[in-house]
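J.: Structure provided below as structure tokens; questions to follow.
Taken together, the values in this text are just the output of simple stated rules run on the coordinates, not laboratory data. All values derive from a computational prediction rather than experimental measurement. Cβ sites come from the backbone with ideal geometry, for glycine too, and all protein chains shown count toward neighbours.
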Amino acid sequence: MAEQETQEQSSGEPSGERGIYEGLAYYLMAPAWVTLFVFLVVPLGIMLVYSFLTKEFRGGVIWEFSLAAYDQFFFDRGLFGDEPARIEWTYIGIFWRSLWQAGLATLLCLLLGFPTAFVIATRSGRWKFVWLFLITIPYWVNLLIRTISMKFLIRDNGPLNEWLLAIGVLDKPLHLINTDFAIQLGLFYSYLPFMVLPIYASIERYNFALSEAAADLYASRWYTLRRVIFPLVKPGVVAGCILVFVPSLGAFLAPDLLGGAKKFMIGSLIEEQFKGNIGNWPFGAAASMLLLSLVLVMLTCYALSQSRARR
Amino acid sequence: MSRRTNFRHFPGFMALGLLCMFLLYAPLIIVMVYSFNDSISVTRFDSVSLRWYRDVFFGLEAGKFRQATFNSLTIAIGAATVSTVIATCASIAMLRAGRFRGKLLSFPLLSLPLMVPEIVTAVATLIFFSAIGFAAGHATILVAHIVFCIPFAYLPIAARMQSIESVYEQAAQDLYASRWDSFRLILLPLLMPGIISGFLLAFIISLDDFIITNFVKGAGVETLPTAIFGAAKQGIKPNIMAISTLLLLTSIVFVSLSYMFGRVESNNKRE
Amino acid sequence: MTPSAHTAVGIVGVTKRYGDYVALRDLSLEISDNEFFTLLGPSGCGKTTLLRVIAGFEEISAGSIFLYGEDIGALPPNKRHVNTVFQQYALFPHMTVLENVLFGLRRLGVAEDNARKQGFEALELVQMSGLQDRLPAQLSGGQQQRVALARALAPRPKVLLLDEPLSALDLKLRQAVRLELKQIQHETGITFVFVTHDQEEALTISDRIAVMNEGVLQQVGESREIYESPSNSFVASFIGETNLLPVRDLRVDGARATCLLPGGVQFSFPAEGGASAGEGLLSIRPERLSLTSPQEGLLNGEVVDHIYLGTDVHVVIAVAGTLSLTARVQNDGAASIPDLGARVGVMLEAGAVRLLRN
């Protein structure tokens, strides 16, 4: 009962309690505000400006307003730009493919990540420590190293094919590298730990007495999972999905190393525009802008649905 | 407890968990094993040797990798230190300074580097430095890394601060401590595990970063990931696997360190 | 109006708002020097807020606070010579017991050897000598409570504030520590302001009690006064148990009063002076009612329930169908307790009935 009273007070805290470092907020916040504003918000703004400029052929821009970048993204006007505009499917297709790949990677990560997180959260003592330790290591291991390892493993004459040939499962090497499947495998493999940890954290907070209560009220194990456990750990699941989906969408390493850069995804498309002399900065900026808008729109939709659910 | 009455048990989950671990570790372990391969060919495993480790440290490319490692470490230490200081100040403002104007927008701003796809940040940073005419090099990498590391340092520090009830600082003030004293003597020591894990996380994030670095590094400046990427583009040679194994071991050391501090944390929480 | 310098804590017209919510409403109160003063009320009544206002953790919306004649309303907590024993103790987890106890003295700039002397005295006072090098996590709940007390006493504050310090202890320990607290207050001569929601605790420990509800002060007085002469129905029902009877047409005639109970029952009872008349609430403590035969009773009714309390039994009697009265009967064997359904008379003595205005 006494705790209740303290809680009441802390909920009304901002208006009444003397914040301990009150009055210092601006000084403490200033370094973060300045750094993030000058070196992230302003650059994003400049990038937006650049996407409306004219390209310079050796990389860079000419300060002249132009819609060419966006026009090139969406329309095809023939080789000399004088034919009637038709919708250009190449880049839209790349975006669509990236969305699809990222979505599939997220789904696969969830299918494998949820049970894994569940197993970790329900271990006790030393075993929980071991599992948690093992899942944390890949999380901290350099993504580049992990992608290279995967490339090494699945190459035409890599260890995987060697073994499959040796034990006679195959009679000629399985061609995996530079396929959509390889990209998918790479994305899935890259971001799987990002799915497990947030889900683990929310299952850890789940009170298993609720499962017993559900069982007591005649619910089956799977019904309990679906209707009791899953809704309660959903914030962790959603966090995991965002952590997998967003980096997958703009991924560069997996498509480049495992997809051989021929199978374009957004990341490779953008990177190409800034490489050496062949690039097109306004077009790269426009593609980045479109990718950023896509992600921000999705995150905003999610945030809105969250706040509506809370109300 | 029998399986029938254990509500923590779901058939098949354990198998999927083990599969998950297998998939995560198989490529890493294979690379580790092949890094001890004596053969020049990466496909045939001949006999165990440290030949490629010697090659990493003393071979033809040793100088390049040593310079890249040095660059990576100095940039990571610098970026982690600066971003940890910025994040610590920000978390005090966000959690211990009551209301202020701009607080509502501060959290989205602090987590912006996490929400913007890395490649977009890379492009924006490149364009920014080029627009203001700032020559790419160590400084541009460092600045980009500081920005990117702020949320990674902020989250563990803020989480730790949230678990420290403000009643400790109130008790200190009740016992005649000034604000500076209650920060120095109470909040800072209690916050230390959070600050250390924030620093470690920022450090490893900076050390790992490839995409942003690749965009904002000048010609001739390489960090370890860009050097490895450049080498791997020409085919995965055994010395790459040796370096990978060394980095893998570094990561394991770091995870162990952060677990040690995590232990300290849970001990304190028991109180 | 400034309270005199002999008033330990003077609270004058204090209001505390959180947005629209009013936690303290125009509250005035004087706590005397060397007094064990208790703030009592249900959760959310504002007693903890009042304590935190005195300590300086909450800014007041209106009014002033005086500490021995000095206006401290604008001072931050570290400039107020009062110390707090927190509900969950708030011992600094990274410091030893001794470091905790010395904290305040060191901040006050007391020379190290004097500080240590005072610190050890405080530890001795709470019987915690010998454990000074432990960390808080290595102590039991009771020991932590003692260290928290020593830490707050060591700087010899002018007023000691205690925020439900016993609520985390189990019953037996709580009762023992209660007496000890009272003794420590006596020995040190420091004014104690003690917050609790436990009325029994308040009655046994306090020199004076302030009963609060919904941010408003209900009554201030000694334990006996609060229990026997509650000023309103909230105090009467919050402190102990009571029968509250709404009445009309109350007339006092010498040593006898008559009134009309709900359901039109005529009730006549012995009164001790007082010429109040009209409507009101009668408060009658269950232990002041006694049972007799239906013919002898001032009221009579049917026994509808027994509530077994161990040494006593509460007998619930329905009067005229609509009214229920509870009488406390000593449990001296089954013979004296009427059976369910039995018709009984209810007797009471002069002074048993208290008329409340609301």
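J.: Relative to the longest principal axis of the C-alpha atoms of chain B, give the angle of the C-alpha long axis of helix B:118-131, reported between 0 and 90° and rounded to the nearest 10°.
T.: With both axes taken from Cα atoms, the answer is about 90 degrees.
J.: Helix B:188-208 versus the longest principal axis of chain B: what angle, 0 to 90°, nearest 10, using Cα atoms?
T.: The two axes meet at around 30 degrees.
J.: Okay, next question. Rounded if a/c is under 1.5, else prolate if a/b beats b/c, else oblate: with a ≥ b ≥ c from the C-alpha gyration tensor eigenvalues square-rooted, which is chain A?
T.: Details: a/c = 2.18, a/b = 1.23, b/c = 1.76.
Since a/c reaches 1.5 but b/c is at least a/b, the shape of chain A is classed as oblate.
J.: On to the next question. Taking every pair of distinct Cα atoms and averaging 1/r, then inverting, what Kirkwood hydrodynamic radius in Å comes out for the protein assembly as shown?
T.: 33.7 Å
J.: In 5 Å bins starting at zero, report the fraction of Cα pairs in region A:13-106 per bin as a rounded %.
T.: With 5 Å bins starting at 0, P(r) equals 3, 10, 10, 11, 13, 12, 10, 8, 6, 6, 6, 3, 2, 1.
J.: Follow-up question, since we're still on this one. Could you tell me which residue out of A:44, A:62, A:220 lies farthest along the dipole of chain A toward its positive end? Charges go on the beta carbon: Lys and Arg +1, Asp and Glu -1, centred on the Cα centre.
T.: Of A:44, A:62, A:220, it is A:220.
J.: Right, another one. Report, in degrees rounded to the nearest 10, the 0 to 90 angle that the Cα long axis of helix B:13-34 makes with the longest principal axis of chain B.
T.: So the inclination is approximately 50 degrees.
J.: Compute the relative contact order of chain B as a whole-number percentage, counting only Cα pairs closer than 8 Å that sit 6 or more residues apart in sequence.
T.: On the way: 269 pairs, mean separation 78.4, N = 271.
29 percent.
J.: Here is a follow-up. In the neighborhood of residue A:250, defined by Cβ-to-Cβ distances under 15 Å, what is the net charge if each Lys or Arg adds +1 and each Asp or Glu adds -1? It would help to have the intermediate numbers written out before the result.
T.: On the way: positive: A:97; negative: A:256, A:271, A:272, B:118, B:209.
Net of charged neighbours comes to -4.
J.: In straight Cα distance, which lysines are under 19 Å from residue C:16, not counting same-chain residues fewer than 8 positions off?
T.: Residue C:16 reaches C:47.
J.: Which trypsin sites (Lys or Arg not before Pro) in region A:59-109 sit in a loop by DSSP (not H, G, I, E or B) and have at most 15 other Cβ atoms within 10 Å of their own Cβ?
T.: Filter output for region A:59-109: A:77.
J.: If you average 1/r across every pair of different Cα atoms in chain C and take the reciprocal, what Kirkwood value do you get, in Å?
T.: Numbers: mean 1/r = 0.0433 Å⁻¹.
Over chain C, the inverse of the mean reciprocal pair distance is 23.1 Å.
J.: A further question on this structure: In whole Å, what is the distance between the alpha-carbon centres of region A:139-208 and region B:146-180?
T.: A separation of 40 Å, based on Cα centres.
J.: Turning to a different aspect of this structure: Between region B:183-218 and region A:242-311, how far is it from one alpha carbon centroid to the other, in angstrom?
T.: Comparing the Cα centres of region B:183-218 and region A:242-311, I get a distance of 25 Å.
J.: So for the protein assembly as shown, taking the charge dipole from beta-carbon charges (+1 Lys/Arg, -1 Asp/Glu), which of A:181, B:258, B:185 sits furthest toward the positive end?
T.: A:181
J.: Something else now. Residue A:170's amide H: which non-local residues (gap 5+, or another chain) put their own amide H closer than 5 Å, with H modeled 1.01 Å from N in plane and none for Pro or chain starts?
T.: A:165
J.: Taking trypsin sites (Lys or Arg not before Pro) as candidate sites, keep only those in a DSSP loop with at most 14 other Cβ atoms within 10 Å, then name the longest stretch of chain B containing none of them.
T.: Details: sites that count: B:3, B:4, B:44, B:99, B:101.
Result for the longest clean stretch: B:102-271.
J.: Cross-link candidates for residue B:217: which lysines have Cα within less than 29 Å, leaving aside residues fewer than 8 places away along the same chain?
T.: Straight-distance partners of residue B:217: A:55, A:151, A:262, A:263, A:275, B:64, B:233, B:237.
J.: With a cut-off of at most 15 other beta carbons within 10 Å, and DSSP calling the residue loop, which GluC sites (Glu not before Pro) in region C:184-245 qualify? Please list them. Mind dumping the intermediate values first?
T.: Numbers: sites: C:187, C:200, C:201, C:214, C:222, C:225, C:228, C:241; in loops: C:214, C:222, C:241.
Within region C:184-245, the qualifying GluC sites (Glu not before Pro) (loop, at most 15 other Cβ atoms within 10 Å) are C:214, C:222, C:241.
J.: So, one more: Please state the charge dipole magnitude for the protein assembly as shown, taken about the Cα centre, from unit charges on C-beta atoms (+1 on K and R, -1 on D and E), reported in debye and rounded to the nearest 20. All intermediate terms of the calculation are to be shown ahead of the outcome.
T.: On the way: 76 positive and 78 negative charges, 586 e Å.
It works out to roughly 2820 debye.
J.: Is any helix in chain A, taking whole DSSP H runs, at least 20 angstrom long along its axis by alpha carbon and on average at least -1.0 on the Kyte-Doolittle scale, and which ones?
T.: Details: long enough: A:89-122 (48 Å, 1.29); A:125-140 (23 Å, 0.71); A:180-205 (38 Å, 0.87); A:230-249 (27 Å, 1.82); A:281-310 (43 Å, 1.08).
What comes out of the filter, once short or polar helices are dropped, is A:89-122, A:125-140, A:180-205, A:230-249, A:281-310.
J.: Determine the shape class of region C:210-263: with a ≥ b ≥ c the square roots of the Cα gyration tensor eigenvalues, call it rounded for a/c under 1.5, and otherwise prolate if a/b is greater than b/c, oblate otherwise.
T.: On the way: a/c = 2.63, a/b = 1.87, b/c = 1.41.
Prolate, because a/c is 1.5 or more and a/b exceeds b/c.
J.: Something else: Would you give the gap between the C-alpha center of region B:57-91 and the C-alpha center of region C:301-358, rounded to a whole Å?
T.: 83 Å
J.: Relative contact order of chain C: what whole-number percent is it, with Cα pairs under 8 angstrom and at least 6 residues apart? Mind dumping the intermediate values first?
T.: Working: 766 pairs, mean separation 53.3, N = 358.
RCO, chain C: 15 percent.
J.: Exposure proxy check: A:109, B:20 ranked by fewest other beta carbons within 10 Å? Numbers along the way, then the final one.
T.: Numbers: A:109 29, B:20 26.
The most exposed by this proxy come first: B:20, A:109.
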